[in-house]
Amino acid sequence: MSLNRRSFLISSVAVGAAGLTAGRSLADEPIVVGVSGPLTGPNAQYGAQWKDGFDLAIDQINAAGGPPIQYVFEDSQSDPRQAVTIAQKFVNDPRIVAELGDFSSTASMAASPIYNRGKLLQLGITNSHPDYTKGGDYTWSNCVSQEDEQPSLAKYVIEGLGRKNLAVLHLNTDWGAASKDRFVKSAEAAGAKIVATEAFQPGEHDFRSTLVRVRDANPDAIVLEAYYADSAVILRQIRELGLKQVVAGVGSIYSPKLIELAGADANGVYTQSYFFSEEPRPEVKAFVTAFHAKYGKDPDWFNATAYDGLIFISRIARQYGSSREAIHEGIGKIKDLPSVVFGDTAFDPVTRRISGPHFVRLIVKDGRFVIWDGVKPETN
Amino acid sequence: MGSWFDYTVNGIVIGNIYALLSIGLALIFGVANLINFAQGSVFTVGAYLGWTAIHYLHTPLPVTVLIVAVGSGALGAAIERFALRPLHQRSRIAVLLATIGVSLVLDQTLQLIFSAEPRAMPSQLPDWRLPIGGVTIGAIDLVIAGFGVTAAALLFGFLRFSKLGWAVRATAQDPDAARQMGVDIDRVNVAVFAIASALGGVGGLMVGLFYHSIDITMSFDATLKGMVAMLIGGLGNVPGAIAGGLILGLSESYGVALFGTSYRNLFAFVLMILILVAAPNGLFSWRRELPPEPMTGTFLAPSRPLGLPRGALYALIAAAALFPLVWNQPYLLQTLTNVLLMALMAFGLTLISGTVGQISLGHAALLAIGGYASGLLALDFGWPFVASAPAAGVITALLGTLLVLPALRMTGHYVAIATLGIGEIVALVILNWSGLTRGPYGLSGIPAPSIGSIELDTPRALYWLTLALVVLFGSLQGRLLESHLGRTWRAIRDDEVAARAYGVEPLRYKALAFAFGGFGAGVAGAIAAHLYSYINHETFNIQLSILAITVVILGGLGNVLGAVLGALLLVGLPELLRPAAEYRMLIYGVALLVLIRYRPQGLLGTA
């Protein structure tokens, strides 16, 4: 942690210095990307994970030659008030050619009008809220919309795992509600029955009574629409209560942290992800190796999507030019973007998201995420 | 039937934890007459201390408990000695603010040391689970219950049989009399903070072991739940706090059983308001106690407000209005717009809390009502901004006054806690009333403010709009304060009994203050909603309420100009501190503590 905080400070000092030097030579003028995200406050952990991804991307881009890239990370605490201020700051800072973030949809969507009016590309790296990219022509995302992810999860649970009576536990935020609604729609269309839906508040830690309700509804599978930290607490309590149902979760529970926090109770959990660190794709292998060498730990999706975001901007700038307008023009046109998360990919200029994502079906076995072997769990 | 037994067991298990959270709060409240907002942070420090001991030193549980108790106890003593004692006898409200500052500093320090990622708490207890009915209880549940009971028994023995315990009780009854009888009040306070913090820290460790994970966001929730539990048991009543925790746990568990998980907190806060109205001394005060000491009068530090000559004021307004013509820098203007919005919000609060003396911790709820009212009028009925924003002000004034009615008869800390509860209820109703408010989705696509066909979407236009409103509401409030109404409000604050004796009906005047403050807050919320274009139930959260009361106290209670200055400092400072990145909230907390230390009566003094 302390290592990359220092490197962040150095890079931000470097950015400051670059702004001061009067005679900028065009050839090695760095591309500067603004990042609006939480470094303090309740979501600070995600900002820290982004930074790990960004710093690795910067190392690689700058080592490969070509126009160097830098980022300015402004702490928004995922607070809309601060996110709009940061948006004004970035829009009016001529060095900044694109923006990444924010984390929460509240903050990101509050800032979108400013980025759109200011004609600065706002690339949401973790924004799966279905309405996020509807904020305007300059608001894009390399995060899969829940519109795409949930039907795939429903198919996994119903066809893959052979479950029919489902209980859904979801985070009571716009993200969680959107995820739940789309899951319920797809699941019911596929002939499954939703026997219970329970919404919980962020920061909630006690799920025992909720789980008694779930138990009494008699589901054959429990579906989690939550992040990994909450999910770990829920998994512990599901097993402590003695519930034996199959548990499946949305892709955001995929993180080594889930296993660290839930311990043996994570075993047997099903999930899907479009990024899996042990996937045999060469770009994933290279990313995981480099990440491990730099930080001594395995990356998760938050690291990977942040890494991708910065690599995308760098690629677009190299191909189409590094002005704001060139990057905005380029993002809809560029093909074969190298991506850790998606493989070679492209943006769909209509939805302003990645087109045609694919998912890997995973299960936790003996304290590790592995690719699901296709065996249906026994009925309980 | 079987399930009800299960819900009861679950309620008792979680109630045990709430009891642990509230004992420390109750002890401190009983002696220092203070809601200690830092208690939740001490609780989190305890959890991390325990994690460190287990992770690095592999200490067995009894040793871990000892390390955590000693460490957090020392921290509590240090907080009392260095952050709170210098404020003694100066202003009671400043002490409250100082605990908020301490909490900020502790949380940020923890985050810098341990990072914000949640950590797995290694289990130190056997892994068996005992089936009871349809659920199970484990070793940790029994340890927590045992610890709660043991701690309460030890505390009881200490208060009843030791000499220091007598001194503590004497101080709790009447600090001045105790001092005259030769009790060393400072020593008592240090002892109380050390004991309460040791209990809180061990509580954090236990909760970490219970959930198998700890993170730095535990602090605030712990304070909130502990406060509700303490209130149910009676403010400052230690055995009551344990019972209060159990009742809160049970009612939440039954609430989940009856209505579903999303109603859990709503149930807890409604219960709290009901108890406040029906039995304000808690469920366990057998003796009829003296009415709570008013925070008014004693709550305010004696000071003379620093005024500004009229000419200077006009010059300042003119400079603020002309300034964007000279320096059209959008980032700066956006920041100043945020400052002005905060000032607009603080006007109402400084009137309610400063001039009338009703400390409100739920002011953000008024902004939420205003924001939703204007947003929904614009989105669903196509109202133009010039109509929807004033309408939002009126709706907020009416609804806000109605909501706060149960709190109007209360005084002192009860108002603070009741308004906090009402604020949370408003947020939870917005979240759960999907039919009206679109629930967790929030309102998106709220149009930018406009006057006629002119869209006010540039930073400059928005700045002028908010500046105009700040000048309008500020001068209106200034005039009101000079009128007979202002005198009546101050009279109620300074001595409600005397005011009543003069024939003033306090309730009506308090309601009037809430209505006026609600109107301004509603308009501020409306502007914020149109400015952000997207709001949800968390946009105007309790942190915003606490920031607003901080602005008001820092600027000087009741002081209109002070509210503007406080907003400028507290909204502007984090922006100035941007280069400090992760360190900025820590520096902000320290700066807040220093400001309170040297200007406890507020920067511009109480008006």
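The values are calculated or read from the model by the stated rules, or taken from the named source; none is laboratory data. The structure displayed is predicted, hence computed values, not measured ones. Here the Cβ is made from the backbone with ideal geometry for all residues, glycine too, and neighbour counts use every protein chain on show. Accessible surface is based on the protein model in full, side chains and every heavy atom, while ligands, DNA and RNA are left aside. Shrake-Rupley method; radii C 1.70, N 1.55, O 1.52, S 1.80 Å.
Per-structure values
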| quantity | calculated |
| --- | --- |
| Yes/no for B:ARG179 being assigned to a helix (DSSP H, G or I) and touching a Ser or Thr at 6+ places or on another chain (Cβ under 9 Å) | yes |
| Residue tally, condition facing chain A (nearest Cβ under 8 Å), over 23 Å from the mean Cα position of the chain (by Cα) and of a type in the set (A, V, I, L, M, F, W, C), over the stretch B:522-539 | 1 |
| Checklist (1) under 20 Å from B:ARG493 (Cα atoms); (2) out of contact with any Lys or Arg (no Cβ under 7 Å at 6 or more places or on another chain) applied to B:LEU332, failing item | (1) |
| Which numbered condition A:GLY34 misses (of (1) touching a strand residue (DSSP E or B) at 6+ places or on another chain (Cβ under 9 Å); (2) away from chain B (no Cβ under 14 Å)) | (2) |
| Subset of the stretch A:219-239 (residues that are acidic (Asp, Glu) and touching a helix residue (DSSP H, G or I) at 6+ places or on another chain (Cβ under 8 Å)) | A:GLU225 |
| Exclusive hit being in contact with a Ser or Thr (Cβ under 7 Å, 6 or more places away or on another chain) and open to solvent by 20 Å² or more (accessible area, probe 1.4 Å), set A:ASP373, A:ASP348, A:ASP336 | A:ASP348 |
| Test: residue in the stretch B:543-552 that is out of contact with any Pro (no Cβ under 7 Å at 6 or more places or on another chain), over 21 Å from B:GLY362 (Cβ atoms) and crowded, with 18+ Cβ neighbours inside 10 Å | no |
| Looking only at the stretch B:435-457, and only at residues there that are touching a residue at least 40 places away in the same chain (Cβ under 8 Å) and open to solvent by 30 Å² or more (accessible area, probe 1.4 Å), the one that is farthest from A:ASP174 (Cα to Cα) | B:GLY452 |
| Single unsatisfied condition, B:GLU505 versus (1) open to solvent by less than 10 Å² (accessible area, probe 1.4 Å); (2) away from chain A (no Cβ under 14 Å); (3) not aliphatic (A, V, I, L, M) | (1) |
| Flag for A:LEU123 being open to solvent by less than 10 Å² (accessible area, probe 1.4 Å), more than 9 Å from chain B (Cβ to nearest Cβ) and not in a loop (DSSP other than H, G, I, E, B) | yes |
| Sole residue being assigned by TED's automatic domain parsing to the domain that holds B:LEU209, more than 19 Å from B:ILE28 (Cα to Cα) and open to solvent by 20 Å² or more (accessible area, probe 1.4 Å), chosen from B:VAL105, B:VAL70 | B:VAL105 |
| Residue that is surrounded by the fewest Cβ atoms within 10 Å (Cβ to Cβ), among those in the stretch A:232-252 that are within 11 Å of chain B (Cβ to nearest Cβ) and touching a strand residue (DSSP E or B) at 6+ places or on another chain (Cβ under 7 Å) | A:GLY242 |
| Residue match in the stretch B:411-423 (condition: surrounded by fewer than 17 Cβ atoms within 10 Å (Cβ to Cβ) and out of contact with any Ser or Thr (no Cβ under 7 Å at 6 or more places or on another chain)) | no |
| The stretch A:253-282: number of residues that are more than 9 Å from chain B (Cβ to nearest Cβ), closer than 13 Å to A:PRO299 by Cα and part of a helix (DSSP H, G or I) | 2 |
| Qualifying positions in the stretch A:1-56 - open to solvent by less than 60 Å² (accessible area, probe 1.4 Å), among the hydroxyl-bearing types (Ser, Thr, Tyr) and modelled with pLDDT under 65 | A:SER7, A:SER11, A:SER12 |
| Residues that are over 14 Å from B:THR550 (Cβ atoms), of a type in the set (A, V, I, L, M, F, W, C) and in a loop (DSSP other than H, G, I, E, B), drawn from the stretch B:560-607 | B:LEU577, B:LEU604, B:ALA607 |
| Residue in the stretch B:119-138 that is away from every other protein chain (no Cβ under 14 Å) and either open to solvent by 20 Å² or more (accessible area, probe 1.4 Å) or farther than 18 Å from B:ILE214 by Cα (or both) present | no |
| Lone qualifier among B:ARG487, B:ARG460 - being closer than 28 Å to B:MET410 by Cα and either touching a residue at least 60 places away in the same chain (Cβ under 8 Å) or among the charged types (D, E, K, R) (or both) | B:ARG487 |
| Output for the stretch B:558-592, where each listed residue is open to solvent by less than 40 Å² (accessible area, probe 1.4 Å), more than 14 Å from chain A (Cβ to nearest Cβ) and among the hydrophobic types (A, V, I, L, M, F, W, C) | B:VAL560, B:ALA563, B:ALA591, B:LEU592 |
| In the stretch B:521-539, the residues that are open to solvent by less than 10 Å² (accessible area, probe 1.4 Å) and within 23 Å of A:TRP175 (Cβ to Cβ) | B:ALA528, B:ALA529, B:TYR532, B:TYR534, B:ILE535, B:ASN536, B:THR539 |
| Number of positions in the stretch A:134-171 that are buried (at least 23 other Cβ atoms within 10 Å of the Cβ) and polar (S, T, N, Q) | 5 |
| Segments classed as helices (runs of 4 or more DSSP H), wholly inside the stretch B:405-503, with at least 1 members that are within 26 Å of B:LEU336 (Cβ to Cβ) and out of contact with any Pro (no Cβ under 6 Å at 6 or more places or on another chain) | B:459-482 |
| Test for B:GLY474: is it open to solvent by less than 30 Å² (accessible area, probe 1.4 Å), within 14 Å of chain A (Cβ to nearest Cβ) and touching a helix residue (DSSP H, G or I) at 6+ places or on another chain (Cβ under 7 Å) | no |
| Selection count, the stretch A:199-231, where residues are of a type in the set (A, V, I, L, M, F, W, C), more than 7 Å from chain B (Cβ to nearest Cβ) and not in a loop (DSSP other than H, G, I, E, B) | 6 |
| Neighbours by Cβ (under 6 Å, 6+ apart or cross-chain): first from the stretch A:299-328, on the phi > 0 side of the Ramachandran plot; second open to solvent by less than 50 Å² (accessible area, probe 1.4 Å) and not β-branched (Val, Ile, Thr) | none |
| Counted residues, the stretch A:339-380 - those being part of a loop (DSSP other than H, G, I, E, B) and under 30 Å from A:ASP220 (Cβ atoms) | 14 |
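Rundown of residues vs (1) buried (at least 22 other Cβ atoms within 10 Å of the Cβ); (2) within 14 Å of another protein chain (Cβ to nearest Cβ); (3) within 23 Å of B:ALA32 (Cβ to Cβ), yes/no style:
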residue	(1), (2), (3)
B:LEU235	yes, no, yes
B:GLU252	yes, yes, no
B:ALA268	yes, yes, no
B:LEU271	no, no, no
B:LEU274	no, no, no
